[in-house]
Amino acid sequence: MPYTKLKLLSRTDLLALTSFRNGEIKFGERIHLIESHNNWDQELKANDTKYVILGIPEDIGVKANLGRPGAATAYKSFLSSFLNIQHNRFCKGSWITVLGHLDFEPEMLEAAKLDTSIKEDRKRLFELVKAIDKEVSHTISKIVSAGKIPIIIGGGHNNAYGNIKGAALAKGKAINCINFDAHTDFRPLEGRHSGNGFSYAFEEGFLKNYFIFGLHENYTSKTIFSDIKLHADRVKYNTYEQIRIRKEKSFDTELVTAQKHIDYTPYGIEIDLDAVPMIASSAITPSGFSAERLRQFIQFFGKSKYATYLHICEGAPSLDFPTNNHLVGKLIAYLVTDFIKSNNERVL
């Protein structure tokens with residue numbers, strides 16, 4: 001049967017990950033869980049939380065794109081940090097449901113045995129990513145249809161496709177998207193992987209307007225720039241070098257420029273952690289916008305009534321130094337709470 005990949009977070013697992021301390025209330029003590037696997041979407045619709053956390057611990061799309069696996073480890077690292085945040089007046093655990101994660105362990109085991117240098121093996125990786133797409137889009141569609149805002153953690157950027165498709169199906173129309181990324185992920189339609197989630201969503205009519213924020217000029221091909229030019233009215237970008245190196249544009253002004261392109265209809269916020277310097281990821285960078293700039297970016301775009309989902313991907317704690325491998329999860333937890341605080345201001 002399709003769509004059986006969802007594994008709900010159990011109370012037992014939640015308690016095991018939460019560190020209790022006298023005089024403190026942690027998120028893990030206030031967060032909502034879903035009890036019914038068969039009717040999870042109905043139970044979700046009935047509860048009064050606004051935000052729904054979904055993990056996607058996979059990196060098959062990264063491998064299919066010839067990148068370094070490791071993104072499968074981000075969700076667990078995030079959860080350990082997130083459940084131990086302080087529940088206080090700035091951000092409350094009771095605003096949030098942690099749904100659980102999509103379990104692609106059998107697919108991961110198969111992918112581990114495939115060799116990307118063999119044509120048939122890479123083709124099989126593309127097929128596995130398509131199967132993941134189906135699960136992601138179905139789950140996101142149900143969350144959005146329940147009137148909630150999904151916050152998707154982990155996995156490769158291939159999952160942008162499922163997020164966009166799922167949100168578009170729930171809304172009954174194409175959505176817009178802003179992507180904080182060193183790369184466009186608007187590569188040719190050669191088979192599904194982490195480098196073409198947006199081009200597939202665009203081609204299939206689920207993505208309307210697209211803005212790439214902070215593109216790195218050294219890692220964007222002439223072909224992709226030509227493809228973007230063909231759709232210049234719908235696909236726009238700025239580069240990191242324009243803003244921070246040559247200072248031809250300002251960060252704050254560019255936020256407004258990007259906002260004008262997307263902020264009039266439902267839109268997704270996509271965050272690729274390979275845009276932040278020295279954050280462990282499949283395409284780690286030594287240069288890029290700081291974590292503080294990224295937090296400001298999320299705060300800016302999170303406050304709109306049209307913000308439909310947040311996706312934070314490509315972080316790979318398993319590629320970090322063993323003594324620092326909690327930092328990716330901790331950063332993601334900051335980003336998630338920045339989004340929730342900003343978005344929730346509209347209803348406080």
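The values are calculated or read from the model by the stated rules, or taken from the named source; none is laboratory data. Note that this is a predicted model, so its numbers are computed, not measured. Here Cβ is always computed from backbone atoms with ideal geometry, including for glycine, and neighbour counts include all displayed protein chains. Surface accessibility is based on the protein's heavy atoms, side chains included, excluding ligands, DNA and RNA. Shrake-Rupley method; radii C 1.70, N 1.55, O 1.52, S 1.80 Å.
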**OP:** Provide a single number: the residues in the range 72-110 that are touching a helix residue (DSSP H, G or I) at 6+ places or on another chain (Cβ under 7 Å), under 15 Å from Ala131 (Cβ atoms) and either outside any helix (DSSP H, G or I) or of a type in the set (Lys, Arg) (or both).
**Re:** 2
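Scanning for something part of a loop (DSSP other than H, G, I, E, B) and under 22 Å from Ile279 (Cβ atoms), does the range 20-33 turn up at least one residue?
Within the range 20-33, the first condition is being part of a loop (DSSP other than H, G, I, E, B), and the residues that meet it are 20-25, 30-31, 33.
After this cut, where a residue has to be under 22 Å from Ile279 (Cβ atoms) as well, the list is none.
No, that holds for no residue.
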Original post:
How many residues does the range 180-204 contain that are part of a helix (DSSP H, G or I) and within 26 Å of Ser287 (Cα to Cα)?
Top reply: 3
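Can you go through Ser94, Ser117, Ser77 and tell me which one is of a type in the set (S, T, N, Q) and without any contact (Cβ under 8 Å) to a residue 12 or more places away in the chain?
Numbers: Ser94 fails: without any contact (Cβ under 8 Å) to a residue 12 or more places away in the chain; Ser77 fails: without any contact (Cβ under 8 Å) to a residue 12 or more places away in the chain.
That would be Ser117, the only listed residue that is of a type in the set (S, T, N, Q) and without any contact (Cβ under 8 Å) to a residue 12 or more places away in the chain.
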Original post:
For the range 147-170, what are the residues that are open to solvent by 10 Å² or more (accessible area, probe 1.4 Å) and either among the aliphatic types (A, V, I, L, M) or touching a Pro at 6+ places or on another chain (Cβ under 6 Å) (or both)?
Top reply: Ile149, Leu169, Ala170
**OP:** Might you check whether a residue that is assigned to a strand (DSSP E or B), in contact (Cβ under 8 Å) with a residue 40 or more places away in the chain and within 24 Å of Gln86 (Cα to Cα) occurs anywhere in the range 285-296?
**Re:** no
**OP:** Among the numbered conditions (1) closer than 23 Å to Ala316 by Cα; (2) open to solvent by 10 Å² or more (accessible area, probe 1.4 Å); (3) at pLDDT 95 or above; (4) part of a loop (DSSP other than H, G, I, E, B), tell me where Pro69 comes up short.
**Re:** (3)
**OP:** Residue by residue through the range 1-59, note down the ones that are under 24 Å from the mean Cα position of the chain (by Cα) and small (Gly, Ala, Ser).
**Re:** Ser10, Gly28, Gly55
**OP:** May I ask you to list the residues in the range 311-328 that are of a type outside the set (A, V, I, L, M) and touching a residue at least 60 places away in the same chain (Cβ under 8 Å)?
**Re:** His311, Cys313, Glu314, Gly315, Pro317, Ser318, Asn325, His326
Original post:
Within the range 276-328, which residues are more than 26 Å from Asn238 (Cα to Cα) and surrounded by fewer than 24 Cβ atoms within 10 Å (Cβ to Cβ)?
Top reply: Ser318, Leu319, Asp320, Phe321, Pro322, Thr323, Asn324, Asn325, His326, Leu327
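Residues in the range 83-128 that are of a type in the set (Ser, Thr, Tyr), buried (at least 19 other Cβ atoms within 10 Å of the Cβ) and farther than 27 Å from Trp40 by Cβ: how many? Reasoning before the result, please.
From the range 83-128, those of a type in the set (Ser, Thr, Tyr) are 94, 97, 116-117; that's our starting set.
Pick out the ones that are also buried (at least 19 other Cβ atoms within 10 Å of the Cβ) and you get 97.
After this cut, where a residue has to be farther than 27 Å from Trp40 by Cβ as well, the list is none.
Here the count works out to 0.
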**OP:** Give the range 211-250 a look and list any residue that's closer than 18 Å to Ile269 by Cα and either assigned to a strand (DSSP E or B) or in contact (Cβ under 8 Å) with a residue 60 or more places away in the chain (or both), or say none.
**Re:** Phe211, Ile212, Phe213, Gly214, Leu215, Val235, Lys236, Tyr237, Asn238, Thr239
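What residue, of Ser137, Ser194, Ser141, is crowded, with 22+ Cβ neighbours inside 10 Å, free of Cβ contacts under 8 Å to residues at least 40 places away in the same chain and either within 22 Å of Phe297 (Cβ to Cβ) or in contact with a Gly (Cβ under 9 Å, 6 or more places away or on another chain) (or both)?
Values: Ser194 fails: free of Cβ contacts under 8 Å to residues at least 40 places away in the same chain; Ser141 fails: crowded, with 22+ Cβ neighbours inside 10 Å.
Answer to the selection: Ser137.
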Subject >> Verdict on Ala201 being in contact with a Leu (Cβ under 7 Å, 6 or more places away or on another chain), of a type outside the set (Lys, Arg) and open to solvent by less than 10 Å² (accessible area, probe 1.4 Å) >> reply: yes
**OP:** Kindly establish whether Phe206 is aromatic (Phe, Trp, Tyr), open to solvent by less than 10 Å² (accessible area, probe 1.4 Å) and touching a strand residue (DSSP E or B) at 6+ places or on another chain (Cβ under 8 Å).
**Re:** no
